[in-house]
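The structure appears right after this line, and notes come after that.
The values are calculated or read from the model by the stated rules, or taken from the named source; none is laboratory data. This one's a predicted model, so the numbers in the text were calculated from it and none came from an experiment. Note: ideal-geometry Cβ built from the backbone for every residue, glycine included; neighbour counts use all protein chains shown. Quick note on the areas: whole protein, heavy atoms, side chains included, nothing else; ligands and nucleic acids left out. Shrake-Rupley method; radii C 1.70, N 1.55, O 1.52, S 1.80 Å.
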Amino acid sequence: MERTYIMVKPDGVERGLVGEIVKRFENKGFQLIALELKTPTRELLEKHYADLSSKPFFGGLMNYMTSGPVVAMVWSGKGVVKSGRVLLGETNPLASLPGTIRGDFCIDVGRNLCHGSDSVENAEKEIALWFPHGVISHTRVMEKLIYE
Ligand code: RTP
């Protein structure tokens with residue numbers, strides 16, 4: 001089954017929006033297969049955001065992401081990478097539709113609450129980076145109520 005890496009960023013944790021974000025993925029039918037509250041090191045974040053290291057906002061992004069704990073998660077399900085990005089909304093919250101997490105709860109791109117992998121390939125890299133000890137393997141009882 002496809003997997004994606006979803007992270008509640010420090011502003012989302014500080015604002016008490018972890019439950020709300022988890023709820024949206026649960027309500028959709030996706031399966032939570034890893035979750036950890038942790039304060040990421042700068043080294044870990046530099047690896048996670050390596051492709052953005054030359055961007056002018058990189059310093060601000062590092063300060064933001066090291067400002068407090070994050071909730072790192074892995075979600076599993078059919079089409080979960082693309083659908084997860086739809087649930088999150090656009091990178092710029094002002095361009096995000098109501099009904100999406102960013103559309104409903106935030107305003108600035110530098111305080112956009114959450115991260116979601118942008119491809120299956122990157123999802124697997126991010127899962128390996130954030131959960132080097134692996135994730136759970138569990139078949140839900142309700143699986144046949146979600147998939148035909
Ligand atoms: P994410 O990785 O967090 O899901 O975001 P994304 O793919 O939608 O966007 P990306 O371009 O990878 O940017 C990563 C994060 O950097 C911050 N950002 N700030 N100030 C700016 O212009 C700017 N642009 C991006 C955002 O927090 C974005 O989510």
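Is it the case, given these coordinates, that Gly77 is more than 13 Å from the ligand (Cβ to nearest atom), among the small types (Gly, Ala, Ser) and buried (at least 19 other Cβ atoms within 10 Å of the Cβ)?
Values: more than 13 Å from the ligand (Cβ to nearest atom): yes; among the small types (Gly, Ala, Ser): yes; buried (at least 19 other Cβ atoms within 10 Å of the Cβ): yes.
When the stated conditions are applied, Gly77 passes them.
Taking only region 72-108 into account, find how many residues are under 11 Å from the mean Cα position of the chain (by Cα) and either over 13 Å from Phe25 (Cα atoms) or assigned to a loop (DSSP other than H, G, I, E, B) (or both).
1
Filter region 16-37 down to residues that are without any contact (Cβ under 8 Å) to a residue 40 or more places away in the chain and touching a helix residue (DSSP H, G or I) at 6+ places or on another chain (Cβ under 9 Å) and give me whichever is least open to solvent (accessible area, probe 1.4 Å). Spell out the reasoning first.
Taking region 16-37 first, the residues without any contact (Cβ under 8 Å) to a residue 40 or more places away in the chain are 16, 19, 23, 26-27, 35, 37.
Add one more test, that the residue is touching a helix residue (DSSP H, G or I) at 6+ places or on another chain (Cβ under 9 Å), and what stays is 35, 37.
Details: Leu35: 95, Leu37: 113 Å².
So the residue we want is Leu35.
Working only within region 45-68, note down all residues that are surrounded by fewer than 16 Cβ atoms within 10 Å (Cβ to Cβ) and under 23 Å from Ile21 (Cα atoms).
Step one: list which residues in region 45-68 are surrounded by fewer than 16 Cβ atoms within 10 Å (Cβ to Cβ), which gives 46-47, 49-60, 63, 66-68.
Within region 45-68, Tyr49, Asn63, Thr66, Ser67, Gly68 qualify.
Would a scan of region 123-145 turn up a residue that is within 18 Å of Lys23 (Cβ to Cβ) and at pLDDT below 95?
The answer is yes; a qualifying residue exists.
Search region 44-72 for residues being without any contact (Cβ under 8 Å) to a residue 12 or more places away in the chain and within 18 Å of Ile127 (Cβ to Cβ), and hand back the single one that is nearest to the ligand (Cβ to nearest atom).
As a first pass, look at region 44-72 and keep what is without any contact (Cβ under 8 Å) to a residue 12 or more places away in the chain: 50-56, 58-59, 63.
If we keep only those that are within 18 Å of Ile127 (Cβ to Cβ) too, we end up with 50-51.
Details: Ala50: 11, Asp51: 7 Å.
That would be Asp51.
Of all residues being among the aliphatic types (A, V, I, L, M) and not in a helix (DSSP H, G or I) in region 116-148, which is surrounded by the most Cβ atoms within 10 Å (Cβ to Cβ)? Just the residue, please.
The initial filter retains those residues of region 116-148 that are among the aliphatic types (A, V, I, L, M), namely 120, 123, 127-129, 135-136, 141-142, 145-146.
Narrowing the set further to residues that are not in a helix (DSSP H, G or I) leaves 135-136, 141-142.
Numbers: Val135: 17, Ile136: 11, Val141: 7, Met142: 9.
So, considering only residues that are among the aliphatic types (A, V, I, L, M) and not in a helix (DSSP H, G or I), the one surrounded by the most Cβ atoms within 10 Å (Cβ to Cβ) is Val135.
Just give me the residues in region 90-133 being charged (D, E, K, R), within 10 Å of the ligand (Cβ to nearest atom) and without any contact (Cβ under 8 Å) to a residue 24 or more places away in the chain, in sequence order.
Across region 90-133, the qualifying residues are Glu90, Arg102, Asp108.
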